[in-house]
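Colleague: Take this structure first; my questions come after.
The values are calculated or read from the model by the stated rules, or taken from the named source; none is laboratory data. This structure is a prediction, so every number in the text was calculated from the model and none was measured. Here the Cβ positions follow ideal geometry from the backbone for every residue, glycine too, while neighbour counts run over all protein chains shown. Side chains are part of the model used for accessible areas, which takes the heavy atoms of the whole protein and leaves out ligands, DNA and RNA. Shrake-Rupley method; radii C 1.70, N 1.55, O 1.52, S 1.80 Å.
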Amino acid sequence: GAPFSPAISFAGGAAAAAYAAKRGYMQSGFDYHNAKDIAFALGTKPDVLAVGGVFGILGYWLTVISATFAMPYDHIAMGVVLSALFHRLILGYDVIGKVRGKGILDMTPFEREEMRTADGSAPGGGAVADGGTVNRLAVEPWLPHQYEWGNVAAMGAVAGIFGGYIAMATGSAFLAFGISAASLLFLNLGVERIPVTHHMTLPAGTAALAFTAGGSQGSAAVALLVAGVFGLACGLFGELFQRIFYAHGDTHWDPPAAAIVFGTFLVFVLYAVGVFPDSSWVATLGI
């Protein structure tokens, strides 16, 4: 139900962590800025809970607005994306952050374990408020085990085929997404190298169903190929998003949510131009 919507509980929690870190409440020992430690329990401080609640309400209305106008993307994922943008703007964080290395897409400072010394222009992530004295890595990839382009592409293609197969076998675009999301339990329990794939399987399963709607679009093998391409594309888009909006910033801005918005919007585009006979569950602006 609504309280467990990612646009409400997840996005609200990310905003609460951003606020708690800004106030210097968090001493989580996280390797990155504490605002990115969204699995850290924030306790019972009324102001932290209020910020989370307010952003939960915001996420709800962002989802309602998208649904009201039948916007052609995953409404919940867009709520997560926009909520993170708003919490950075409202709480005084940079939208992108200070870029280090050879460019915004360069992850080699992380590979060299280069550090940034906290000063006025590079806030620390420790127990003190913004601008503290704790060193941080110069670049902070969203998933240290899943950021190389080739690895992400291979994982995306395989996860996409898996998502497409499950969708065609069951008629549900969401079952493979659920399996992917459930696997995140292991990541949160400390199994560090578990792949994150829910942003690959959901668009891929949706694309497979949209492509095969009515049984008029060729073989299942072609549909699996379409799903694999969608998984690959969404994986790479998520990686591109994290390199721009996560790795140099101070708060959590969810790359999977952005990739799901991208993938589901692409399903709509291919439906609108006549490549797909249907858009599956993705809204179509009344087309």
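Colleague: To the nearest 10 square angstrom, what accessible area does Ser83 show with a 1.4 Å probe?
Modeller: Near enough 0 Å² of accessible area.
Colleague: For Arg116, enumerate residues with amide H under 5 Å from its amide H, sequence gap 5+ or separate chain, H modeled in the peptide plane.
Modeller: Arg136, Leu137, Ala138
Colleague: Could I ask something else about it? Work out the length of the dipole vector of the chain about its Cα centre, built from +1 on the beta-carbon of each Lys and Arg and -1 on the beta-carbon of each Asp and Glu, and round it to the nearest 20 debye. The partial results should precede the final answer.
Modeller: Working: 13 positive and 18 negative charges, 44 e Å.
Roughly 200 debye for the chain.
Colleague: Suppose every K and R has +1 on its Cβ and every D and E has -1 on its Cβ; what is the size of the dipole of segment 2-99 about the Cα centre, in Debye to the nearest 20? Intermediate results must be reported in sequence, preceding the final value.
Modeller: Working: 6 positive and 5 negative charges, 43 e Å.
Rounded to the nearest 20 debye, it is 200 debye.
Colleague: At a probe size of 1.4 Å, how large is the accessible area of Asp74, to the nearest 10 Å²?
Modeller: Accessible area of Asp74: about 20 Å².
Colleague: Quick check: from the Cα gyration tensor, does segment 1-123 come out rounded (a/c under 1.5), prolate or oblate? Spell out each step's value before the answer.
Modeller: Values: a/c = 2.38, a/b = 1.44, b/c = 1.65.
The shape class here is oblate.
Colleague: Tell me, how many Å apart are the Cα centres for segment 1-29 and for segment 272-287?
Modeller: For segment 1-29 versus segment 272-287, the Cα centre distance is 34 Å.
Colleague: Rounded, prolate or oblate: which fits segment 149-273, taking a ≥ b ≥ c as square roots of the Cα gyration tensor eigenvalues, rounded meaning a/c under 1.5, else prolate when a/b beats b/c?
Modeller: Numbers: a/c = 2.20, a/b = 1.57, b/c = 1.40.
Cα axes put segment 149-273 in the prolate bin.
Colleague: Next question. For Val64, what accessible area in Å² do you get when you roll a 1.4 Å probe over the heavy atoms of the protein chains, rounding to the nearest 10?
Modeller: Using a 1.4 Å probe on the heavy atoms, I get roughly 40 Å².
Colleague: Charges on Cβ only, +1 for Lys and Arg, -1 for Asp and Glu, centred on the Cα centroid of the chain; of Gly171, Gly24, His198, which one is farthest towards the dipole's positive end?
Modeller: Gly24
Colleague: To the nearest Å, what is the center-to-center distance of segment 178-198 and segment 225-262, using C-alpha atoms only?
Modeller: Result: 16 Å between the Cα centres.
Colleague: Excluding His198 itself, what net charge comes from residues whose Cβ is under 14 Å from its Cβ, given Lys and Arg +1 and Asp and Glu -1?
Modeller: -2
Colleague: Another one. Taking amide H positions as placed 1.01 Å from N in the peptide plane, with prolines and chain starts having none, which residues 5 or more places from Asp254, or on another chain, fall under 5 Å of its amide H?
Modeller: Result for Asp254 returns nothing.
Colleague: Among (1) 1.20; (2) 0.95; (3) 1.03, only one was calculated for this model; which label is it, if the read-out is Cα Rg over 2.2 N^0.38 Å?
Modeller: Given (1) 1.20; (2) 0.95; (3) 1.03, the structure-derived one carries the label (3).
Colleague: Got a number for carbon plus sulfur as a percent of segment 202-256's accessible area, 1.4 Å probe?
Modeller: Of all accessible area on segment 202-256, carbon and sulfur atoms account for 76 percent.
Colleague: OK, next. Contour minus end-to-end for Ile179 and Ala50, with contour as 0.36 nm per residue of separation and end-to-end as the Cα-Cα distance? Show your work: numbers first, answer last.
Modeller: On the way: separation 129, 0.36 × 129 = 46.44 nm, distance 3.21 nm.
Roughly 43.2 nm would be gained on extension.
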